[in-house]
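Take a look at the structure below.
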Amino acid sequence: MNSQYKAIWLNDNGDLEVIDQRYLPFEKKTRILKTAYDACESIQDMTVRGAGVIGNVAAFGVYLAAREFDGDKDQIKQAAMKIRESRPTAVNLMWAVDRMLQIVAQSDDVAADCKAEAIAIADEDVLRTQKIGEIGCDIIESIMAEKKINQFNMLTHCNAGWLAIVDSGSALAPIYEAQKRGIDIHVWVDETRPRNQGASLTSWELLDAGIKHTIIPDNTGGHLMQQGMVDMVITGADRVARNGDAANKIGTYLKALAAQDNDVPFYIALPISTFDFACENGVSDIDIEIRSEDEVHLMRGIDENGHIQNIRITPEGSHAINYGFDVTPARLITGLITEAGIIAPNKNAIGKLK
Ligand code: MRU
């Protein structure tokens, strides 16, 4: 794996090296993870984030446990369960740990086999996201043909690019593919309060790739859609239930409502590993992470001396609540773009993927 367009890679010492996303867009720093504890901490403190990359770090975390505990299966399993619980909503985390634990159970050379499996999961993601890009870009082309337009305006929420799922992302994969196909594409980037994954990460990725984009405050999307300035909305997902309800970054639901009110197609892009086939109803059953209220009180930015600072924007004494995700009901979703094609957001179509 090379490190230039990857969020994570094994370095020459066999440790896992990751881009520390807490410093973006100001500094491109990496962090080295040597133990299962490091992997767990990096998921919890948001060094790494995004459903796909969380799953990859979890898988490599089990490998690091196998290396650290010299193949002792009980200790590896204990460490794996801690990693599995490090964040609650993105199901790729549980999916990846469970897949690694099957290897642990069967293997006679646990560290070597875990390493091979973690690499296989990451390599599969590369192929999955390429396919999602191609299928999603076909949708872009068909909307352009239908509307007879030469420039395409996409709106996206949060970050679902290569920082969130190797190698091309989920929601950003069709945008990267559109650039490859020479399509004139412009992206409205929701800032994505409170952690601003859109403003700091998606914009950083798009700028680096030379893709036209405009950062917008979270509340702007509805207005743009009313004015005919959005041709399609696309987001990633953290967990999609069997009935097609999709959990993604808080605020996604409101974009889907506005899209429906304005006849704008609303797509979710995801690998099949993001479906939770055991979850029947997303709105009622998906566990939504509640994060620290400090993320609402404090804004992170860079001052004129180049120092990254947290600045308080609320009165001391006011309380805040910080739900990390919301669930968009299936009825608001035009289609689910997966490596297996465009899937209708319903039980019947999703059940066939299992
Ligand atoms: O809290 P985060 O930054 O991990 O949330 C990320 C998202 O909600 C992404 O949109 C989602 O993981 C899909 S990208 C694979």
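Please note which helices (runs of 4 or more DSSP H) are completely contained in region 268-354 and include at least 3 residues that are in contact (Cβ under 8 Å) with a residue 24 or more places away in the chain.
Values: elements: 282-285, 294-297, 347-351.
Of the helices (runs of 4 or more DSSP H) lying wholly inside region 268-354, those with at least 3 residues that are in contact (Cβ under 8 Å) with a residue 24 or more places away in the chain span 282-285, 347-351.
Within region 147-156, identify whether any single residue is within 10 Å of the ligand (Cβ to nearest atom), assigned by TED's automatic domain parsing to the domain that holds E295 and modelled with pLDDT of 95 or more, and answer yes or no.
yes
Given the residues V53, V62, V18, V91, which is the only one that is in contact (Cβ under 8 Å) with a residue 60 or more places away in the chain, under 14 Å from A118 (Cβ atoms) and among the β-branched types (V, I, T)?
Being in contact (Cβ under 8 Å) with a residue 60 or more places away in the chain, under 14 Å from A118 (Cβ atoms) and among the β-branched types (V, I, T) holds for just one of V53, V62, V18, V91, which is V53.
Name the residues in region 179-201 that are crowded, with 21+ Cβ neighbours inside 10 Å and over 24 Å from E293 (Cβ atoms), would you?
Within region 179-201, I185, V187, W188, V189 meet the criteria.
Can you find even one residue in region 179-189 that is under 20 Å from A51 (Cα atoms) and within 16 Å of the ligand (Cβ to nearest atom)? Spell out the reasoning first.
Step one: filter region 179-189 for residues under 20 Å from A51 (Cα atoms), giving 189.
Of the ones still in play, those that are also within 16 Å of the ligand (Cβ to nearest atom) are 189.
So far as region 179-189 goes, yes, one or more of its residues are under 20 Å from A51 (Cα atoms) and within 16 Å of the ligand (Cβ to nearest atom).
Quick one: count up the residues across region 9-37 that are charged (D, E, K, R) and in contact with a Lys or Arg (Cβ under 8 Å, 6 or more places away or on another chain). Spell out the reasoning first.
So the first thing to find is which residues in region 9-37 are charged (D, E, K, R), and the list is 12, 15, 17, 20, 22, 27-29, 31, 34.
Adding the requirement that they be in contact with a Lys or Arg (Cβ under 8 Å, 6 or more places away or on another chain) leaves 15, 17, 20.
Going through region 9-37 one residue at a time, the tally reaches 3.
So that you can scan it fast, the table gives a plain yes or no per residue for (1) at positive phi; (2) touching a Lys or Arg at 6+ places or on another chain (Cβ under 9 Å):
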{"site": "L201", "(1), (2)": "no, yes"}
{"site": "G210", "(1), (2)": "yes, no"}
{"site": "I215", "(1), (2)": "no, no"}
{"site": "M225", "(1), (2)": "no, yes"}
{"site": "G251", "(1), (2)": "yes, yes"}
{"site": "A258", "(1), (2)": "no, no"}
{"site": "P265", "(1), (2)": "no, no"}
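Could you please find all residues in region 216-245 being near the ligand (Cβ under 10 Å from one of its atoms) and not polar (S, T, N, Q)?
Matches in region 216-245: G236, A237, D238, R239.
Filter region 29-46 down to residues that are more than 15 Å from the ligand (Cβ to nearest atom) and among the polar types (S, T, N, Q) and give me whichever is surrounded by the fewest Cβ atoms within 10 Å (Cβ to Cβ).
Looking at residues that are more than 15 Å from the ligand (Cβ to nearest atom) and among the polar types (S, T, N, Q), I get T30.
So, of the residues in region 121-172 that are over 19 Å from the mean Cα position of the chain (by Cα) and without any contact (Cβ under 8 Å) to a residue 40 or more places away in the chain, which turns out to be nearest to L336 (Cα to Cα)?
Step one: list which residues in region 121-172 are over 19 Å from the mean Cα position of the chain (by Cα), which gives 138-153.
Going one step further and asking which of them are without any contact (Cβ under 8 Å) to a residue 40 or more places away in the chain, we end up with 138, 142, 145-146, 148, 150-151.
On the way: D138: 14, S142: 16, A145: 21, E146: 20, K148: 24, N150: 25, Q151: 23 Å.
Here the answer is D138.
What is the number of the single condition among (1) surrounded by fewer than 20 Cβ atoms within 10 Å (Cβ to Cβ); (2) aliphatic (A, V, I, L, M); (3) in contact with a strand residue (DSSP E or B) (Cβ under 8 Å, 6 or more places away or on another chain) that M154 does not meet?
Tallying (1) surrounded by fewer than 20 Cβ atoms within 10 Å (Cβ to Cβ); (2) aliphatic (A, V, I, L, M); (3) in contact with a strand residue (DSSP E or B) (Cβ under 8 Å, 6 or more places away or on another chain), M154 fails exactly one: (1).
If I filter region 113-121 for residues that are surrounded by fewer than 18 Cβ atoms within 10 Å (Cβ to Cβ), modelled with pLDDT of 95 or more and closer than 20 Å to A278 by Cβ, do I get at least one hit?
The answer is no, given that none of the residues of region 113-121 is surrounded by fewer than 18 Cβ atoms within 10 Å (Cβ to Cβ), modelled with pLDDT of 95 or more and closer than 20 Å to A278 by Cβ.
Quick check on region 117-130. Is at least one of its residues at positive phi and not hydrophobic (A, V, I, L, M, F, W, C)?
no
Residues A237, A247: which one is among the aliphatic types (A, V, I, L, M), within 25 Å of L24 (Cα to Cα) and assigned to a loop (DSSP other than H, G, I, E, B)?
None of the other options fit; the residue is A237.
Give me the residue from region 157-178 that is within 15 Å of I139 (Cβ to Cβ) and more than 9 Å from the ligand (Cβ to nearest atom) and, out of that set, surrounded by the most Cβ atoms within 10 Å (Cβ to Cβ).
Looking at the filtered set, the residue picked out is I175.
The values are calculated or read from the model by the stated rules, or taken from the named source; none is laboratory data. The shown structure was predicted, so the numbers you read here are calculated from the model rather than taken from an experiment. We place every Cβ from the backbone using ideal geometry, glycine too, and count neighbours over all the protein chains shown.
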